[in-house]
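Everything on this sheet refers to the single structure shown next.
The values are calculated or read from the model by the stated rules, or taken from the named source; none is laboratory data. Note that this is a predicted model, so its numbers are computed, not measured. All Cβ positions, even for glycine, are placed from backbone atoms using ideal geometry, and neighbour counts span all protein chains on display. For the accessible areas, the whole protein counts, side chains as well, though only heavy atoms, and no ligand, DNA or RNA atoms are used. Shrake-Rupley method; radii C 1.70, N 1.55, O 1.52, S 1.80 Å.
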Amino acid sequence: MVIFVGIDMAAEARRTGVALLRGGGGTGSPDGVRLGADDDGLVSAVERADRTGVDVPLGWPAPFAELISAHASNSLSVPESTGSDWRRGLALRATDLHVWRRTGLKPLSVSADRIAYPALRWAGLEARLRDSGVDVSRDGSGAIVEVYPAAALRCWSLPHRGYKGRKN
């Protein structure tokens, strides 16, 4: 039996959802869904799972991280332009650009949108998981994978807007 965990990450525990699915042999069944997952509960769920999908950006664009570091140390080189192409290159990850091209859905920018708050929370949890021995490789080879449910639903020709909530 394989255990999968899905996390709908939010900045605050009260809005963070976690679901557990047990499966094997091509079938699966839900084994608990809850809203209000605190850090301890998320770490425990990930540690028990064989694989965990997290609906949150797992990192920031490298050019953005480099810009922030250079800006903080007063060593930022003068850019040729501060136009939209330059800013887009800082705000969106290669993953975001691929999803946008493939689905037409523009992911929120972890660098320049509210999604940064849950991403910051995840970064702290990721460090905690790494320290406890969980393989948190961000390339999909470890125990954690980044997921984007709205894009997946759209690719499967299912309703991809307004799918969250009690009614669904």
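Any chance you could count how many residues in region 21-57 are within 19 Å of the chain's Cα centre (by Cα), open to solvent by less than 20 Å² (accessible area, probe 1.4 Å) and free of Cβ contacts under 8 Å to residues at least 60 places away in the same chain? Final tally of qualifying residues: 2. More than 20 Å from Ala13 (Cβ to Cβ), in a helix (DSSP H, G or I), at pLDDT below 95 and within 15 Å of the chain's Cα centre (by Cα) - does that describe any residue in region 151-168? For region 151-168, residues more than 20 Å from Ala13 (Cβ to Cβ), in a helix (DSSP H, G or I), at pLDDT below 95 and within 15 Å of the chain's Cα centre (by Cα): present. Residues in region 1-20 that are within 18 Å of the chain's Cα centre (by Cα) and surrounded by 16 or more Cβ atoms within 10 Å (Cβ to Cβ): 13 in all. For region 100-118, the condition of being among the polar types (S, T, N, Q) and either on the phi > 0 side of the Ramachandran plot or part of a loop (DSSP other than H, G, I, E, B) (or both) holds for at least one residue.
Checked against the criterion of being modelled with pLDDT of 95 or more and among the polar types (S, T, N, Q), region 18-38 has no qualifying residue.
The residue of region 98-131 that is most open to solvent (accessible area, probe 1.4 Å), among those that are of a type in the set (Lys, Arg), more than 16 Å from Ile7 (Cβ to Cβ) and in contact with a helix residue (DSSP H, G or I) (Cβ under 9 Å, 6 or more places away or on another chain), is Arg102. Within region 113-141, residues that are among the β-branched types (Val, Ile, Thr) have Cβ atoms under 7 Å from residues that are surrounded by 11 or more Cβ atoms within 10 Å (Cβ to Cβ) and part of a helix (DSSP H, G or I) in these pairs: Val134/Val46; Val134/Glu47; Val136/Glu126; Val136/Leu129; Val136/Arg130, counting only partners at least 6 apart in sequence or on another chain. Taking Thr95, is it open to solvent by 50 Å² or more (accessible area, probe 1.4 Å) and within 18 Å of Gly53 (Cα to Cα)? Taking the combined requirement at face value, the residue satisfies it. Taken as a whole, the structure places Asp139 among residues that are exposed (fewer than 11 other Cβ atoms within 10 Å of the Cβ) and farther than 21 Å from Glu12 by Cβ.
Return yes or no: is Val134 in contact with a Gly (Cβ under 8 Å, 6 or more places away or on another chain), open to solvent by less than 30 Å² (accessible area, probe 1.4 Å) and aliphatic (A, V, I, L, M)? Yes; evaluated as a whole, the condition is true for this residue. If you filter region 58-86 down to residues that are of a type in the set (Phe, Trp, Tyr) and within 30 Å of Val18 (Cβ to Cβ), you find that the one that is most open to solvent (accessible area, probe 1.4 Å) is Trp60.
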